[in-house]
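See below for the structure under consideration.
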Amino acid sequence: MRKVDHIGIAVSNLDTALQFYRDVLGMEVTAIEEVPEQKIKAAIIPVGESKIELLEATSPESPVAKFIDSRGEGIHHIALQVSGLESILSHLAEKGVRLIDKEPRIGAGGNKIAFLHPKSTNGVLMELCEPEQAGDK
């Protein structure tokens with residue numbers, strides 16, 4: 001585990017949320033991208049060495065849409081930056097951690113990602129992410 005990479009925040013409307021973060025708080029949005037596999041659009045906002053990732057669902061079947069339907073807007077997940085994601089997932093599985101993703105997949109920014117089930121992490125959806133080159137991001 002290297003650092004907190006980002007905090008994912010589920011929002012109903014990305015443009016409305018950006019009005020607060022960008023226009024009111026004066027934060028810089030460095031990227032907005034759609035991730036079709038996850039059925040989301042994400043805006044990346046750097047904060048020091050970490051980021052805020054605003055997440056808008058692009059489909060009612062998106063996990064983010066389901067999250068908002070059941071819990072409302074708010075913190076969706078905490079992402080930890082790692083090195084050696086595959087070996088970490090193997091280690092966690094051996095320890096009995098419930099994995100949403102048994103194998104890494106590609107997320108926003110081209111990062112390899114995998115989610116850990118909240119039932120194994122004291123109620124917090126956790127994402128492990130490994131940038132293309134972990135030392136560069």
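Each reported figure results from applying straightforward, stated rules to the coordinates on display, with no laboratory input. Because the structure is predicted, anything quoted here is derived from the model rather than measured. Cβ sites come from the backbone with ideal geometry, for glycine too, and all protein chains shown count toward neighbours.
With a Förster radius of 30 Å applied to the beta-carbon distance between Ile106 and Glu49, the computed FRET efficiency rounds to 0.85. Here the calculated FRET efficiency for Glu86 and Ser59, from their Cβ-Cβ distance with R0 = 41 Å, stands at 0.90, rounded to the nearest 0.05. Note on Lys41: lysines with a C-alpha under 29 Å away, same-chain residues under 8 apart excluded, are Lys3, Lys51, Lys66, Lys102, Lys112, Lys119, Lys137. With Cα atoms defining each centre, the range 30-47 and the range 58-80 are spaced 13 Å apart in the structure.
Largest first and in whole Å, give the semi-axes of the chain's equivalent ellipsoid, each being the square root of 5 times a Cα gyration tensor eigenvalue.
Values: eigenvalues 118, 64, 33 Å².
Value: 24, 18, 13 Å, ordered largest first.
Quick check for you: which residues of the range 70-87 have the amide N under 13 Å from the point 7 Å beyond the Cα of Val4 toward its beta carbon? Inside the label zone: 75-81. Annotation: for a label point projected 7 angstrom from Cα along Cα→Cβ of Val29, residues of the range 36-76 with backbone N closer than 16 Å are 40-47, 52-58.
How many percent of DSSP beta bridges within the chain run antiparallel, rounded to 5? In the chain, approximately 75 percent of DSSP beta bridges are antiparallel ones.
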